[in-house]
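Asker: Here you go, one structure.
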Amino acid sequence: DTGVSQDPRHKITKRGQNVTFRCDPISEHNRLYWYRQTLGQGPEFLTYFQNEAQLEKSRLLSDRFSAERPKGSFSTLEIQRTEQGDSAMYLCASSLDPGMRTDTQYFGPGTRLTVL
Amino acid sequence: AQKITQTQPGMFVQEKEAVTLDCTYDTSDPSYGLFWYKQPSSGEMIFLIYQGSYDQQNATEGRYSLNFQKARKSANLVISASQLGDSAMYFCAMREVSRGFGNEKLTFGTGTRLTIIP
């Protein structure tokens with residue numbers, strides 16, 4: 001049973017550097033979400049894909065953030081010119097079908113970013 | 001805007017006892033879904049249980065049950081016969097539908113850290 005995977009699991013970078021994270025959703029899932037979780041808080045929504053289309057972005061997602069999902073499979077989240085405030089856990093989730101009553105989002109293990 | 005409130009930052013429970021984790025929510029949508037997730041120290045969010053707003057019965061999944069009181073807007077998680085492996089953060093979440101996008105993003109509470117004492 002292959003769940004959602006994320007790479008890398010941990011990333012330490014210096015302020016001003018660019019970083020890219022990858023998420024591989026459960027294979028048949030057409031919906032993919034990115035969330036950010038800071039210390040002591042619950043995850044907060046960043047952006048959402050249905051297949052390859054990015055349909056919504058949170059106001060939390062500044063211009064330094066960009067996400068893609070080419071061909072509707074894996075997704076990447078890039079942060080340019082990282083700042084210390086970007087330090088957080090970045091979680092990816094996928095779900096199967098908008099019409100299903102229990103459209104449950106299944107999460108990956110997350111990428112923990114530390115910006116020095 | 002939808003909101004989830006978890007008022008218990010931390011709880012300590014003796015092994016094998018039952019525990020109730022509180023969650024209240026606020027929404028004006030008649031159709032919504034409520035979820036509970038477990039987050040161990042490894043960081044992964046593990047889905048536990050789901051309750052739909054129109055469900056007539058409380059959801060149950062093994063040792064987990066959801067005490068859904070719609071009029072009070074509460075969706076408390078009950079864990080029976082707690083085990084050491086239940087020690088983790090627990091998050092209550094509500095599915096929020098963005099009109100026109102089909103985005104069913106989750107809004108999370110701040111979580112409750114549960115510690116099971118041997």
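The values are calculated or read from the model by the stated rules, or taken from the named source; none is laboratory data. These numbers come from a predicted model, not from an experiment. Please note: Cβ atoms are built from the backbone with ideal geometry, for glycine as well, and neighbour counts cover all protein chains shown.
Asker: Which condition number does A:Glu52 fail, the rest of (1) within 14 Å of chain B (Cβ to nearest Cβ); (2) in contact with a helix residue (DSSP H, G or I) (Cβ under 8 Å, 6 or more places away or on another chain) being met?
Answerer: Tallying (1) within 14 Å of chain B (Cβ to nearest Cβ); (2) in contact with a helix residue (DSSP H, G or I) (Cβ under 8 Å, 6 or more places away or on another chain), A:Glu52 fails exactly one: (1).
Asker: Please determine, by comparing only the residues of the stretch B:81-102 that are more than 20 Å from B:Gln14 (Cα to Cα) and surrounded by fewer than 20 Cβ atoms within 10 Å (Cβ to Cβ), which one is modelled with the highest pLDDT.
Answerer: Let us first name the residues in the stretch B:81-102 that are more than 20 Å from B:Gln14 (Cα to Cα), namely B:91-102.
With surrounded by fewer than 20 Cβ atoms within 10 Å (Cβ to Cβ) added as a condition, the list becomes B:96-102.
Working: B:Glu96: 73, B:Val97: 65, B:Ser98: 59, B:Arg99: 58, B:Gly100: 58, B:Phe101: 59, B:Gly102: 63.
So the residue we want is B:Glu96.
Asker: Oh, and also: Of the numbered conditions (1) more than 29 Å from A:Lys57 (Cα to Cα); (2) touching a Cys at 6+ places or on another chain (Cβ under 8 Å); (3) among the aliphatic types (A, V, I, L, M), B:Ala88 fails exactly one; give the number of that condition.
Answerer: Single failed check for B:Ala88: (2).
Asker: Which residue, of A:Gly40, A:Gly85, is more than 20 Å from A:Gln105 (Cα to Cα), without any contact (Cβ under 8 Å) to a residue 60 or more places away in the chain and within 11 Å of chain B (Cβ to nearest Cβ)? Break it down into steps so the answer makes sense when it comes.
Answerer: Details: A:Gly85 fails: within 11 Å of chain B (Cβ to nearest Cβ).
Answer to the check: A:Gly40.
Asker: Tell me which residues, restricted to the stretch B:80-94, are assigned to a strand (DSSP E or B) and not aromatic (Phe, Trp, Tyr). Walk me through it before giving the result.
Answerer: At the first step, the residues of the stretch B:80-94 found to be assigned to a strand (DSSP E or B) are B:88-94.
If the condition is that a residue be assigned to a strand (DSSP E or B) and not aromatic (Phe, Trp, Tyr), then B:Ala88, B:Met89, B:Cys92, B:Ala93, B:Met94 are the ones that fit.
Asker: Is there a residue being at pLDDT 95 or above and either within 12 Å of chain B (Cβ to nearest Cβ) or surrounded by fewer than 16 Cβ atoms within 10 Å (Cβ to Cβ) (or both) anywhere in the stretch A:67-74?
Answerer: So far as the stretch A:67-74 goes, yes, one or more of its residues are at pLDDT 95 or above and either within 12 Å of chain B (Cβ to nearest Cβ) or surrounded by fewer than 16 Cβ atoms within 10 Å (Cβ to Cβ) (or both).
Asker: Condition test on B:Ser74, is it more than 23 Å from A:Leu46 (Cα to Cα), of a type in the set (Ser, Thr, Tyr) and surrounded by 15 or more Cβ atoms within 10 Å (Cβ to Cβ)?
Answerer: Working: more than 23 Å from A:Leu46 (Cα to Cα): yes; of a type in the set (Ser, Thr, Tyr): yes; surrounded by 15 or more Cβ atoms within 10 Å (Cβ to Cβ): yes.
Considered against the rule, which asks whether it is more than 23 Å from A:Leu46 (Cα to Cα), of a type in the set (Ser, Thr, Tyr) and surrounded by 15 or more Cβ atoms within 10 Å (Cβ to Cβ), B:Ser74 comes out as yes.
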